[in-house]
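Starting off with a structure, shown below.
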């Protein structure tokens, strides 16, 4: 076939110059090579930023690793506890000037020469008697009460109770209570004037005595707690006196 085509061109050249012609070959090796096919997916475009040097990259990686290790160590290791507790926070009070006044002195008690009554010393204090409807003290009663007040002033741990009574009727209990209150205030004034603190004195205006009380109703019982030593039945809380054993509860 290769030899036939040149002979035809020489024999009839006008047949090929008049129109288009094509070269036909049966040699596959003579065909031009096909262009290479494009890749299926191109790689992403590289960043425009210039790559850092290898030394800088290594230093940055080392710093990042060290910071991560430090953060992990601080997150897992608890902080050190001080062997001493922190000092308490003391907030000073506001500086406000408060006007203070001295305590009001008790009214001096003057004896009444012809006032009925007496002063009897008791194991735990004193019993004072008065005239009917009166709160006056005669000189003997006032002197005995003053001596007892001086003794109580030197013993500031004792508490003093004033139980004041007064005669009267069940139909008018307020009058007997007013008289009993006047007696309690009179005895209280004597104690305060001799140096007994008012916070240690507990006056009680009872008024009419309870039913069945055989003592004189016009009286005041001064009871100083702690003047009498406690017995064995009172030494412990919940103790039962030997003379009165506890009864079994059914």
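The values are calculated or read from the model by the stated rules, or taken from the named source; none is laboratory data. Quick caveat: nothing in here was measured; it's all calculated off a predicted structure. Virtual Cβ from ideal backbone geometry, glycine too; neighbours counted across all protein chains shown.
Would you check which residues across region 140-195 are free of Cβ contacts under 8 Å to residues at least 60 places away in the same chain, closer than 24 Å to residue 213 by Cα and not in a helix (DSSP H, G or I) and list them?
Within region 140-195, 164, 165, 166, 167, 168, 169, 170, 171, 172 qualify.
For the condition in contact with a helix residue (DSSP H, G or I) (Cβ under 6 Å, 6 or more places away or on another chain), surrounded by 16 or more Cβ atoms within 10 Å (Cβ to Cβ), closer than 19 Å to residue 106 by Cα and modelled with pLDDT of 95 or more, what is the one hit in 222, 145, 181?
Unique residue meeting the criteria: 145.
So that you can scan it fast, the table gives a plain yes or no per residue for (1) farther than 24 Å from residue 216 by Cβ; (2) modelled with pLDDT of 95 or more:
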| site | (1), (2) |
| --- | --- |
| 98 | yes, no |
| 106 | yes, no |
| 113 | no, no |
| 122 | no, no |
| 128 | no, yes |
| 133 | no, no |
| 136 | no, yes |
| 154 | yes, no |
| 164 | no, yes |
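Could you list all residues from region 196-219 that are surrounded by 17 or more Cβ atoms within 10 Å (Cβ to Cβ) and either without any contact (Cβ under 8 Å) to a residue 40 or more places away in the chain or outside any loop (DSSP other than H, G, I, E, B) (or both)?
200, 201, 203, 205, 206, 207, 219
Scanning region 121-139 for residues that are outside any loop (DSSP other than H, G, I, E, B) and exposed (fewer than 13 other Cβ atoms within 10 Å of the Cβ), which turns out nearest to the chain's Cα centre (by Cα)?
Among those residues, the one meeting the criterion is 121.
Filter region 83-120 down to residues that are in contact with a helix residue (DSSP H, G or I) (Cβ under 9 Å, 6 or more places away or on another chain) and surrounded by fewer than 10 Cβ atoms within 10 Å (Cβ to Cβ), then give me how many there are.
5
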